[in-house]
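All remarks here apply to the structure that follows.
The values are calculated or read from the model by the stated rules, or taken from the named source; none is laboratory data. Computed from a predicted structure; not experimentally measured. As a convention, Cβ positions derive from the backbone with ideal geometry for all residues, glycine included, and neighbour counts pool all protein chains shown. Please note that ligands, DNA and RNA were not included when accessible areas were found on the heavy atoms of the full protein model with its side chains. Shrake-Rupley method; radii C 1.70, N 1.55, O 1.52, S 1.80 Å.
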Amino acid sequence: MTYHILIADPLSEEGIYPLRQADGLEITIATDLSKEDLLERIKGFDALLVRSQTQVTREVIEAASNLKIIGRAGVGVDNIDLDAATEHGIIVVNAPDGNTNSAAEHTIAMLTALARKIPQAFNSLKNGEWDRKSFIGVELKNKTLGVIGLGRIGAEVAARAKGQRMNVIAYDPFLTEEKAQKMGIGFGTVGDVLKAADFITIHTPLLKETRHLINEEAFAKMKDGVQIINCARGGIIDEDALYGAIVSGKVAGAALDVFEMEPFVDHPLLTLPEVIATPHLGASTVEAQESVAVDVSQDVVNFFKGEAVRNPVNLPSVSKEVMAKIAPFFDLAEKLGIFLSRMTDEAIEEVNIKYAGELANYDVRALTRNTVKGILKRNLGNHVNDVNAKFLAERFDIKVNEHKTTTGKGFLHLITAEIVTAKFTHRVAGTLLNGLGARIVKVDDYVVDVVPEGHLLFIKHKDQPGAIGRVGTLLAQKDINIATMQVGRSTVGGDAIMMLTIDNRVEQTEIEDLTELEDIYEVKAIDL
Ligand SMILES: NC(=O)c1ccc[n+]([C@@H]2O[C@H](COP(=O)([O-])OP(=O)(O)OC[C@H]3O[C@@H](n4cnc5c(N)ncnc54)[C@H](O)[C@@H]3O)[C@@H](O)[C@H]2O)c1
Ligand SMILES: O=C(O)CC[C@@H](O)C(=O)O
């Protein structure tokens, strides 16, 4: 099998080495595609790798009939329609750590250049002027740097600013006073930061909540003569408001690496001498580009090898240690779901999955997704996968609940999956037995011991002499060999079940013939 990878933005050649090394991957590099070309070209590709330039819109995702993974060589995924990717079962991976250092260094370079008006002075010199009066800067020492967004990059910038002997005050929804104290920085609300800072640097993602976070109202709270740096994302600062604040003299200077609309060739802000700018170069170093490309390429290779990806954006990430514990249960979890989906033809309203024993100590959301995937597969086939299973369940108004208990009822680990319909509840439990592999150990209230593999028949019948014989005879007449059989009953002469493993898949007509036998209530064929 060959998977086709489209690299649509320039990536470091050294960085894509993992892709070049892997078997079964064919790489096409086509950068600077127009929107129309991308919509046309994307059709045959299994993977798409981009940086920040290519806009991976819903339209692109819907035009891509084979796409399975989108890799973003960098942090921000605001150029990718994540909802559309999730709905279409496409996993999005990024490279969150590879460019942190470069982006932090760029921010500090911008801060210093802004304070000392270096770009303006250089331009003047290039224009043949020796002007020592117009470019009087300010020192950073003892000035206050306000950091909005103290994540990976914000924290690095804060640490470096302290090296410049600046006072740092930060706001981040995850920042506590204790953590700020440990970092040796001040802590406050956005308002406190805006009020206290001589320089303000933004390091949040662009989200609904952060769009125009720095607007007219925010500028009004700032010190007169404040200077602003944005090396995060265009759109976090309202550019019209910034223009007004510079012209009015409220803001003495701005250093911008990112803009609301990129790319552009001219921009009103660049007509102002107080503004210095770079064309989104925060991550543009040899080291960062190699690092993000390696990270994202490695995840694409892992994905096509069926291994866990390290930096999923639209799936919760699972640590290596947890993955090692839960990965052996993936197949069983999915099979429990497939089993349950065959137990009823009614609409499923609720799915309850209970993890008992040691499994209860781990993050088992990936197992839950596998069970939900198994349940939905009956009607959705390959349209459902790990990425969209929960989303599709929600779309179909199926509530998914996860429960945990450390008591394993005699099993080291036990997964019990349950589906609830308007009329019935069905339950199936499975485990992994040391040295023996997966087993289904309970179906509804009946204890069984069945290997979840191949073709199974689940038959509900009356506990009467002859019922089992009649099933055996009919299957023999149809030339269907029984490999294994388990029986269980609630009470003598009451309801009972048979679980058969058979060598061939049964047809619907054969199920109907079995159902017509005396004392047989219900027959379900389950292919695992
Ligand atoms: N210019 C570039 O080339 C370049 C390079 C790398 C990253 N970036 C951008 O830099 C930004 C930060 O990247 P990172 O790796 O540090 O991300 P991160 O996820 O590590 O940190 C983001 C931080 O912002 C905080 N945050 C979210 N909403 C907030 C709000 N309303 N107010 C204050 N803080 C808020 C989060 O809690 C988080 O701590 C992103 O926008 C990223 O896309 C730009
Ligand atoms: O692709 C780039 O160079 C920009 C990357 C940067 O904006 C990011 O969010 O990682």
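The largest accessible area among D386, D331 belongs to the first residue in D331, D386, and the rest follow in falling order (1.4 Å probe, all chains).
Ordered by 1.4 Å accessible area with all protein chains kept, E178, E105 run largest first as E178, E105. Exposure check, 1.4 Å probe, all protein chains in place: D83 carries approximately 100 Å² of accessible surface.
Spin-label model, R378/N481: points 7 Å from Cα along the beta carbon direction are separated by 2.9 nm. Placing a pseudo-label 7 Å from each Cα along the Cα-to-Cβ vector at D449 and N66 gives an inter-label distance of 4.7 nm. For the chain, the longest principal axis of the alpha carbon atoms and the long axis of helix 467-477 meet at an angle near 80°. In plain terms, the chain from E349 to F174 could stretch by 59.4 nm, reckoned as 0.36 nm per residue minus the Cα-Cα distance.
In nm, what is the difference between 0.36 nm times the number of residues separating R58 and T405 and their Cα-Cα distance? Please list the in-between numbers first.
Working: separation 347, 0.36 × 347 = 124.92 nm, distance 4.08 nm.
Gain on extension, R58 to T405, equals 120.8 nm.
Of the residues I326, T425, V384, the one whose Cα sits farthest towards the positive end of the charge dipole of the stretch 325-453 is I326 (charges of +1 on Lys and Arg Cβ, -1 on Asp and Glu Cβ, taken about the Cα centre).
Exposed loop sites were defined as chymotrypsin sites (Phe, Trp or Tyr not before Pro) in DSSP loop states (anything but H, G, I, E or B) carrying at most 13 other C-beta atoms within 10 Å; in the chain the longest segment without such a site runs 265-395. Taking 23 Å as the straight-line reach from the Cα of K117, the lysines in range (excluding those fewer than 8 positions away in the same chain) are K126, K133, K141, K143, K162, K223, K250. Would you give the gap between the C-alpha center of the stretch 427-464 and the C-alpha center of the stretch 238-317, rounded to a whole Å? After rounding, the separation between the Cα centres reads 54 Å. Working value for the stretch 1-55: equivalent-ellipsoid semi-axes of 19, 15, 7 Å, each the square root of 5 times a Cα gyration tensor eigenvalue, largest first. For the pair T425 and T2, label points projected 7 Å from Cα toward Cβ lie 5.4 nm apart. Measuring against 21 Å, Cα to Cα, the residue pairs K354/K409; K377/K478; K305/K399; K442/K524; K335/K399 contain K377/K478; K305/K399 as the ones spanning a longer distance. Taking the charge dipole of the chain about its Cα centre, with +1 at Lys and Arg Cβ atoms and -1 at Asp and Glu Cβ atoms, the residue from N123, I236, T271 reaching farthest to the positive side is N123. FRET efficiency for the pair D32 and R116, taken as 1/(1 + (r/R0)^6) with r the Cβ-Cβ distance and R0 = 51 Å, rounds to 0.90.
Counting only Cβ charges, +1 for Lys and Arg and -1 for Asp and Glu, the dipole size of the chain around its Cα centre is about 1660 debye. Once you reduce the stretch 52-115 and the stretch 1-38 to the center of their Cα atoms, the two points are 16 Å from each other.
Mind listing which trypsin sites (Lys or Arg not before Pro) in the stretch 160-190 are in a DSSP loop and have 15 or fewer other Cβ atoms within 10 Å? Those satisfying the criteria are R165.
Give the aspartates and glutamates reachable from K68 as a straight Cα distance under 15 Å; neighbours fewer than 8 places away on the same chain don't count. In chain and number order, the partners are E26, D46, D81, D83, E87, D299, E307, D386.
Can you give the % of DSSP beta bridges in the chain that are antiparallel, to the nearest 5?
50 percent
Over all pairs of different C-alpha atoms in the chain, the reciprocal of the mean inverse distance, the Kirkwood hydrodynamic radius, equals 27.2 Å. Sorting H383, H4, H413, H461 by solvent-accessible area of protein heavy atoms yields H383, H4, H413, H461, largest first, with a 1.4 Å probe. Are there trypsin sites (Lys or Arg not before Pro) in the stretch 263-344 that DSSP puts in a loop and that have at most 12 other Cβ atoms within 10 Å, and which ones? Answer in residue order: K305. Rg/Rh, computed from the Cα trace of the stretch 252-348 with Rh as the Kirkwood radius, has the value 1.27.
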